[in-house]
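Trainee: First the structure, then my questions, so here it is.
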Amino acid sequence: MGKSRSNKRSSSTSYTSTITTIVFIAVCVLGVWMLNSNSVAPPETTSSIARTARDTSTTKSIGQKDASSYEDNPGDLPDDAIKPDDGNSNNKPQEDQKTNNLEVSNDDPDQNKQKESEAQISEESTLTAKQQAEQTTQTEDISTMTRNQHNPENEHSSSESEEAQKIIANSNSEESEGNKKVEEQNTDSGENQEKSIIQQLVENNKEAQKDEEEQNKNQLQEDKGEIPKDTQQPQLQQEHNEPQQEEEQHQQKLEEHSDNGSNYNDETKPYQTSKASQDETHQMEEPKISTKASDNQQNQQKTELENQDAQKQETAQKETNGEDKATGLHTGESLENSDIPKESKESKKSWKTQADQSDNEKERRKDESGGGESIYGYTWQLCNVTAGPDFIPCLDNEKAIRKLKTTKHFQHRERHCPEEPPTCLVPFPEGYKKPIQWPQSRDKIWYHNVPHTLLAEVKGHQNWVKVTGEFLTFPGGGTQFIHGALHYIDFLQQSVPAIAWGKHTRVILDVGCGVASFGGFLFDRDVLAISFAPKDEHEAQVQFALERGIPAISAVMGSQRLPFPSRVFDLIHCARCRVPWHEEGGLLLLELNRVLRPGGYFVWSATPVYQKLKEDVDIWKGMSSLTASMCWELVTTNKDKLNHIGAAIYRKPTSNECYDQRRQKRPPMCKTDDDPNAAWYVPLQTCMHRVPVGAAERGNKWPEAWPHRLQSPPYWLNSSQMGIYGKPAPQDFAADYEHWKRVVDKYYMSSMGITWSDVRNVMDMRAVYGGFAAALRDHPVWVMNVVNTDSPDTLPIIYERGLFGIYHDWCESFSTYPRTYDLLHADHLFSKLKKRCKLVPVMAEVDRIVRPGGKLIVRDESSTIGEVENLLKSLRWEVHLTFSKNQEGMLSAQKGEWRPDTYTDA
């Protein structure tokens, strides 16, 4: 009896040890599997017994479910990338139960037998197509049980293991087929980036894997040596290699998702969840031997992974994420269908730039930082300047003005930009309000928006401007048209019917504009007038014009050419503009001759035309002599009886015949190498350029009547010349126009969140052919087209189609007052500027120009969009939309009312 009990006890002890070992191995394999479970898709093989075990752990299961609800949403990933999360949640109760089995007494063989069966079946439920390495371990376990075949209970376990082998074989065959499909779908898209992330994560987990191996070895030694030594080392080596295999499979899965169009941001989320599961499983497997050092290591790995995920999510959102921040905006379709061609490098050979043409252009500032610095946390301050809310950096440079040797030619009113462009913000005038909408703004504006009353005191009797309560009102008069601008406009056309406002005459220049009522009422005749006057000659006159919604810039007839091409204005107007045209050999009038189109009109409405004072008579004689020597035809002098004024109207010649027949060659003809289109910081010259006579030369013919000229390529655009985007120039022109019509009508008008009734003054910061402005033709807005000095000189084309614009370098301040534009549009501007100057002062200039509540639309490279967005956020602008796809992006933002509390040092 004693011997029998001894044998039975020995058999029971061997059996118990075997069962304990099998359960422990199953837990280890399950833990390693869960360590990388998110990289595979487990089949739904949960058995009824596993479900029963899961039901007995209701509390734990609910806790796991609640925890998963706070995990990152994987987004629109394929189903096989989402299933691991469910699999983890389903198997967690089993893990808890198996872990508890290690602590249960092994005295009861029947109880152990039942637990063995449950463990085996649970193990079957966790086998997947990615666990081929586990087959070796299971085979070794079966061999161990075979050596104990004298025990019937072990025979039962062996049969169950054989069944498990069959399941493994089937899974392996499915794995082989799945791997073939993955290999066929795998491409090189994003391969290097994904590999680097996987390799880094593997490195981070190497130490943890080594610790786990040591702990497993120690645990095996504590089990009284029941597992043979020759089977321990292969198993540990196999478990050590499993993570690397799973990492490679996960990488392959990520590449497959990438090929299917999944976002990188979404692809990394399952892996982040997998990392959390690794830490949790590791803690469950080692409840007794977990150390403080391993906890610290896990926390460090979590922190590193969270930082990596945050950085990758931000990059993916800006560069590859096709989601919009604004609800209902179809900008993805906009970018995909916009078909904006890249500028052709070859086309640059066919086009001149202002930088090439203007030999006396000032040196460009070099970008010391290369435009790649981070803008997060940029600190802004208010500009501490005398001009206060009216600060124009290039016109209020007191330091440069004090160094001028003379101001005879109004040099102090010309541009003198600071060596370092300002990065401060201009304060708002106290009591500033949202501007009044057009067309009501033509008649009145808020006093506090332009709080200047001197002009009302000096010119109020001439109906320029008056103070009426909290408004400044504009009766529509001027020095030469006290009884209203419309009557005066009609008077001019009656004097010369060929002027034909809105048909023959479309684009005009108003010199010394006052408050620009003349240009403001020309909109009623379908005419665009760009008005200019020097700053502060009449207090804030240009600012009044822009606040009213009338085009104007701050400029002066001084010592340099105006920032316009030659031969572009249909008519030039001067009403008491106080310019001494006849002096210094006609230097200033010759500049008007440069920009006036052959056959165009010069309207001179001034006292020398109709008054007989000695000074007026002398001026008239000088003017008559000068215009005759310039071959200008005096078409008429006529008097307006209502306003008691008169006007002389001249016409520029359309041929060189008169120039060649002059007895006195004064003023002289310009040298043949003098480019009439060079206008950026080019000194004035007392000479005239010959009239173009070639059939294909610009200026030989008058443009088509408006509005046909808007959409017709200029006759002088040659098909043999390559356009900006690489097509023949006329086709390039037509394609650009069709593109912007589609973008504006389909997207800008309805999908950008812009209230267009609040938009009046618009600027295209980088116009090419003027397609954007042309697309807005039917809307009550006007567009200032800016052609950059380092871009192909396409500004003559813009004028030819009945629009207007100006040359400018955005590395410098624009010649306008603060808060004067409702919308700025920048198409691939900032990425080009970054090569020459810093973006911080450029964005400070954008903030200066735009009104509170005004908008900015940017289309550019994705990386540049990110920099601009960061700067706008630091300026407290509201970014309504950002979109990036295929390295191209779009941004829409709105300026707020925030201003800093501190000022810069004086």
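Residue-wise test of (1) more than 22 Å from LYS641 (Cα to Cα); (2) touching a helix residue (DSSP H, G or I) at 6+ places or on another chain (Cβ under 6 Å); (3) surrounded by 24 or more Cβ atoms within 10 Å (Cβ to Cβ).
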| site | (1), (2), (3) |
| --- | --- |
| GLN494 | no, no, no |
| ALA498 | no, no, no |
| GLY502 | yes, yes, no |
| GLY520 | yes, yes, yes |
| ASP524 | yes, no, no |
| GLU539 | yes, yes, no |
| VAL542 | yes, no, yes |
| ALA545 | yes, no, yes |
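Trainee: Scan (1) open to solvent by less than 10 Å² (accessible area, probe 1.4 Å); (2) closer than 23 Å to SER757 by Cβ for the single condition PHE814 breaks and write down its number.
Mentor: The failed condition is (2).
Trainee: When the stretch 643-694 is examined, which residues are found to be open to solvent by 80 Å² or more (accessible area, probe 1.4 Å) and among the hydrophobic types (A, V, I, L, M, F, W, C)?
Mentor: The answer is VAL693, and nothing else.
Trainee: Another one. Among the residues of the stretch 766-774, is any basic (Lys, Arg) and either in contact with a helix residue (DSSP H, G or I) (Cβ under 7 Å, 6 or more places away or on another chain) or outside any loop (DSSP other than H, G, I, E, B) (or both)?
Mentor: So far as the stretch 766-774 goes, no, none of its residues is basic (Lys, Arg) and either in contact with a helix residue (DSSP H, G or I) (Cβ under 7 Å, 6 or more places away or on another chain) or outside any loop (DSSP other than H, G, I, E, B) (or both).
Trainee: Of (1) part of a loop (DSSP other than H, G, I, E, B); (2) touching a helix residue (DSSP H, G or I) at 6+ places or on another chain (Cβ under 8 Å); (3) of a type in the set (S, T, N, Q), THR407 satisfies all except one. Which?
Mentor: (2)
Trainee: Can you pull out every residue in the stretch 696-712 that is out of contact with any Phe, Trp or Tyr (no Cβ under 7 Å at 6 or more places or on another chain) and either open to solvent by 80 Å² or more (accessible area, probe 1.4 Å) or at positive phi (or both)? Reasoning before the result, please.
Mentor: To start, the set of residues in the stretch 696-712 that are out of contact with any Phe, Trp or Tyr (no Cβ under 7 Å at 6 or more places or on another chain) comprises 699-700, 702-710, 712.
Matches in the stretch 696-712: GLY699, GLU704, HIS708.
Trainee: Still on this structure, I have one more. Tally the residues that are aliphatic (A, V, I, L, M) and closer than 20 Å to ARG777 by Cβ, restricting the search to the stretch 498-555. Give the derivation first.
Mentor: As a first pass, look at the stretch 498-555 and keep what is aliphatic (A, V, I, L, M): 498-500, 507-509, 511, 515-516, 522, 527-530, 533, 540, 542, 545-546, 550, 552-553, 555.
Now restrict to residues that are closer than 20 Å to ARG777 by Cβ: 500, 507-508, 522, 527-530, 550.
Matching residues across the stretch 498-555 total 9.
Trainee: State all residues of the stretch 375-411 that are β-branched (Val, Ile, Thr) and surrounded by 12 or more Cβ atoms within 10 Å (Cβ to Cβ); if no residue qualifies, say none.
Mentor: Result: ILE375, VAL385, ILE392, ILE401, THR407.
Trainee: Here is a follow-up. If I filter the stretch 803-819 for residues that are polar (S, T, N, Q) and in a helix (DSSP H, G or I), do I get at least one hit? Spell out the reasoning first.
Mentor: Quick first cut of the stretch 803-819, residues polar (S, T, N, Q) only: 813, 815-816.
Pick out the ones that are also in a helix (DSSP H, G or I) and you get none.
No, the stretch 803-819 contains no residue that is polar (S, T, N, Q) and in a helix (DSSP H, G or I).
Trainee: What is the number of the single condition among (1) modelled with pLDDT under 95; (2) open to solvent by 50 Å² or more (accessible area, probe 1.4 Å); (3) under 28 Å from ARG578 (Cα atoms); (4) of a type outside the set (D, E, K, R) that THR468 does not meet?
Mentor: So the condition that THR468 fails would be (3).
Trainee: Going residue by residue through the stretch 785-796, is there one that turns out to be within 20 Å of ILE550 (Cβ to Cβ) and surrounded by 20 or more Cβ atoms within 10 Å (Cβ to Cβ)? Write out each step before concluding.
Mentor: Keep residues of the stretch 785-796 that are within 20 Å of ILE550 (Cβ to Cβ), which gives 785-786.
Narrowing further to those that are surrounded by 20 or more Cβ atoms within 10 Å (Cβ to Cβ): 785-786.
Yes, there is a match, as at least one residue in the stretch 785-796 is within 20 Å of ILE550 (Cβ to Cβ) and surrounded by 20 or more Cβ atoms within 10 Å (Cβ to Cβ).
Trainee: Please enumerate the residues belonging to the stretch 560-586 that are open to solvent by 10 Å² or more (accessible area, probe 1.4 Å) and within 39 Å of the chain's Cα centre (by Cα). Spell out the reasoning first.
Mentor: In the first step, residues of the stretch 560-586 are kept if they are open to solvent by 10 Å² or more (accessible area, probe 1.4 Å); the result is 560-561, 563, 567, 575-580, 582-585.
Answer for the stretch 560-586, where residues must be open to solvent by 10 Å² or more (accessible area, probe 1.4 Å) and within 39 Å of the chain's Cα centre (by Cα): GLN560, ARG561, PRO563, ARG567.
Trainee: How many residues does the stretch 412-426 hold that are in contact (Cβ under 8 Å) with a residue 24 or more places away in the chain, farther than 21 Å from LYS838 by Cβ and open to solvent by less than 50 Å² (accessible area, probe 1.4 Å)?
Mentor: So the count comes out to 1.
Trainee: Ok, one more. For ARG666, which of the numbered conditions (1) in contact with a Ser or Thr (Cβ under 9 Å, 6 or more places away or on another chain); (2) modelled with pLDDT of 95 or more; (3) more than 18 Å from THR505 (Cα to Cα) fails to hold?
Mentor: It fails just one condition, (2).
Trainee: Mind checking which residues of the stretch 853-901 are among the hydrophobic types (A, V, I, L, M, F, W, C) and part of a loop (DSSP other than H, G, I, E, B)? Quick ask: steps written out before the conclusion?
Mentor: As a first pass, look at the stretch 853-901 and keep what is among the hydrophobic types (A, V, I, L, M, F, W, C): 856-858, 865, 868, 871-872, 875, 877, 879, 881, 883, 890-891, 893, 898.
Scanning the stretch 853-901 gives LEU875, TRP877, TRP898.
Trainee: Right, next: Return the residues of the stretch 726-760 that are part of a helix (DSSP H, G or I), of a type outside the set (Gly, Ala, Ser), farther than 21 Å from ASP793 by Cβ and open to solvent by 20 Å² or more (accessible area, probe 1.4 Å); say none if nothing qualifies.
Mentor: Matches in the stretch 726-760: GLU738, LYS741, ARG742, ASP745, LYS746, TRP756, ASP758.
Trainee: So, ILE619, is that one under 35 Å from the mean Cα position of the chain (by Cα) and not polar (S, T, N, Q) or not? Spell out how you get there, then give the answer.
Mentor: Details: under 35 Å from the mean Cα position of the chain (by Cα): no; not polar (S, T, N, Q): yes.
In short, no.
Trainee: To continue, here is another question. Here are some conditions: (1) more than 30 Å from PRO429 (Cα to Cα); (2) open to solvent by less than 10 Å² (accessible area, probe 1.4 Å); (3) not polar (S, T, N, Q). LYS832 meets all but one. Which one does it not meet?
Mentor: All conditions are met except number (2).
Trainee: To continue, here is another question. Among the residues of the stretch 702-745, how many are in contact (Cβ under 8 Å) with a residue 24 or more places away in the chain and within 16 Å of ARG777 (Cβ to Cβ)?
Mentor: Adding up the residues that qualify gives 18.
Trainee: Report, ordered by the first and then the second residue, all pairs with beta carbons closer than 8 Å, sequence separation of six or more or different chains, a first member in the stretch 781-793 that is of a type in the set (Asp, Glu), and a second member that is outside any loop (DSSP other than H, G, I, E, B) and open to solvent by 10 Å² or more (accessible area, probe 1.4 Å).
Mentor: ASP790/ALA355; ASP790/LYS832; ASP793/GLN357
The values are calculated or read from the model by the stated rules, or taken from the named source; none is laboratory data. Just so you know, these numbers come straight off a predicted model, no measurement behind them. Positions of Cβ are generated from backbone atoms using ideal geometry, with glycine treated the same way; all protein chains shown enter the neighbour counts. Side chains included, ligands, DNA and RNA excluded: accessible areas come from the protein's heavy atoms. Shrake-Rupley method; radii C 1.70, N 1.55, O 1.52, S 1.80 Å.
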